[in-house]
Amino acid sequence: MKFEDFIELHRGYDLPKKQRKNGQVPVIASTGINGTHNVAKIKGPGVVTGRSGSIGKVQYIKDDFWPLNTTLYVSDFKGNNPKFVAYWLERFDLKRFSSGSAVPTLNRNELANVEICVPNREEQDKIVAILEPFEKKIELNQEINDNLVQQLSVGFEKLYSDSRHTKTFCLNEILDSTLTGEWGKEKASNPFNHKSVIIRGTDFDEISNGCVGSAPTRYLKASSFDKKFLKSNDVLVEISGGSPTQSTGRSILITNKMLEHFDVRVFGTNFTRTFRLNGPEEAIIFKSYIDFLYRKNVFFNYENGTTGIKNLDYKAVLKMVLPDVRQAPTFKQYLMLYTKYYSLVQQLGSESMRLNDAKENLLNRYF
């Protein structure tokens, strides 16, 4: 059949941020959710892909939504299973039909007469019935992880509150040393001969959740390779970058389980700094405080830089006078919970990674 007999694509609708109102309706851009609004333009479930800029990303939207004008959405499924349509489009490689070098654009009219092969609705439903349980378990794992992280945030807030009238300390008191990050070279060339994985700030969430993520492979000099690799209980902090609405200071607590995902040594990028603590207890305190200060937007007050890239004055942060949470009666309980929950988050994330691999293998069989 021809593509136009399979589904119909329609351009999304403009909705500037200043015109959006508080609500629960997701606003969908070509790269993902771009905020919310109080009015939906399209009934769910729906399927959206990038029209301009980011081409090829396919999104399945369960509920009613508003697709932006940088997207194309399926306006008519023509009797096909919406979830199957999403699977199929993911494998169709829409980038082949984009034009424009500066800002790639997908012209839906060029797709209309393309000959394609699609199974009937009964077969579509069978494929979706096989694949959906994988997705539901992955979603459940993510919900559990989000809840565990939230509980740890609430737990530290209480710990902080209970410690406000006790002794104070500075983070540098529990610090052994700090190390600069590295970037190296994309390809091996003398003296950059040592294959390494480099963690960027954008990789923190996935790796914290037990996944490998998309951390790039680079090549480092021997002097860096031998001295700066990450170890269990290091805290890696993004000290350069951020945006007008997001401060620097994102962080990740390194564990042996994370490092075991990689077959080479792992390093932080040159936009990060490694903080090596005196022990596992100190690592949890340090990480908890960095997260706490980040959530409270404190780091905006400790940033400098005149070239457009913000830099965190981490030395000043290390000297901040803070309540010593180790004096709180519930501190040991918090430590146990943190260790248990953080391990469970990585365990569930690793399970989700395996489930996703299995799902991808099945998709490759069907498409």
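Could you order Lys167, Lys228 so the one with the most accessible surface comes first? Probe is 1.4 Å.
Final ranking, largest accessible area leading: Lys167, Lys228.
Going by amide H atoms built from the backbone, whose H comes under 5 Å of the H on Val47, apart from near neighbours?
Ile61, Val74
Given the C-alpha centroids of the stretch 116-137 and the stretch 159-196, what is the distance between them in whole angstrom?
Answer, in whole Å: 46.
Shape call for the stretch 136-209 from the C-alpha gyration tensor, a ≥ b ≥ c root eigenvalues: rounded (a/c under 1.5), prolate (a/b greater than b/c) or oblate?
Oblate.
I'd like the accessible area for Asp63: 1.4 Å probe, protein heavy atoms, all chains in place, Å² to the nearest 10.
100
When we measure straight from the Cα of Lys95, which aspartates and glutamates land under 17 angstrom away, once same-chain ones fewer than 8 places off are left out?
Glu110, Glu115
Could you let me know the centre-to-centre spacing of the stretch 307-331 and the stretch 213-262, using Cα atoms, in angstrom?
19
Would you mind telling me the share, in percent, of accessible area of the chain contributed by carbon and sulfur at probe 1.4 angstrom?
Ligands and nucleic acids excluded, carbon and sulfur reach 48 percent.
When a/c reaches 1.5 or more, the comparison of a/b and b/c decides; with that in mind, is the chain rounded, prolate or oblate per its Cα gyration tensor?
prolate
If R₀ is 51 angstrom, what is the calculated FRET efficiency for the pair Thr36 and Asp226, using the beta carbon separation as r and rounding to 0.05?
E(calc), rounded to 0.05, equals 0.55.
Consider a paramagnetic label point 7 Å from the Cα of Gln19 along Cα→Cβ; state which residues of the stretch 46-89 have an amide N under 14 Å from it.
Hits in the stretch 46-89 for Gln19 at 14 Å: 66-70.
What whole-number value in Å² describes the accessible area per residue of the stretch 1-105 for a 1.4 Å probe?
Ligands and nucleic acids excluded, the figure is 49 Å² per residue.
Along each principal axis of its Cα atoms, how long is the stretch 66-181 end to end? Whole angstroms, biggest number first, please.
73, 40, 29
Ignoring ligands, DNA and RNA, what accessible area per residue does the stretch 151-236 give at 1.4 Å, in Å²?
Result: 52 Å² per residue.
Can you pull the one-decimal nm distance between simple spin-label points at Asn301 and Lys187, each 7 Å off the Cα toward Cβ?
The modelled label-to-label distance comes out at 5.0 nm.
Say each of Asp125 and Leu175 gets a label point 7 Å from the Cα, pointing the same way as Cα to Cβ; how far apart are those two points in nm?
Going from the Asp125 label point to the Leu175 one covers 6.2 nm.
The values are calculated or read from the model by the stated rules, or taken from the named source; none is laboratory data. Source: prediction; values computed, not measured. Heads up, the Cβs are rebuilt from the backbone with ideal geometry, glycines too, and the neighbour counts pull from every protein chain shown. SASA here: full protein model, heavy atoms, side chains in, ligands and nucleic acids out. Shrake-Rupley method; radii C 1.70, N 1.55, O 1.52, S 1.80 Å.
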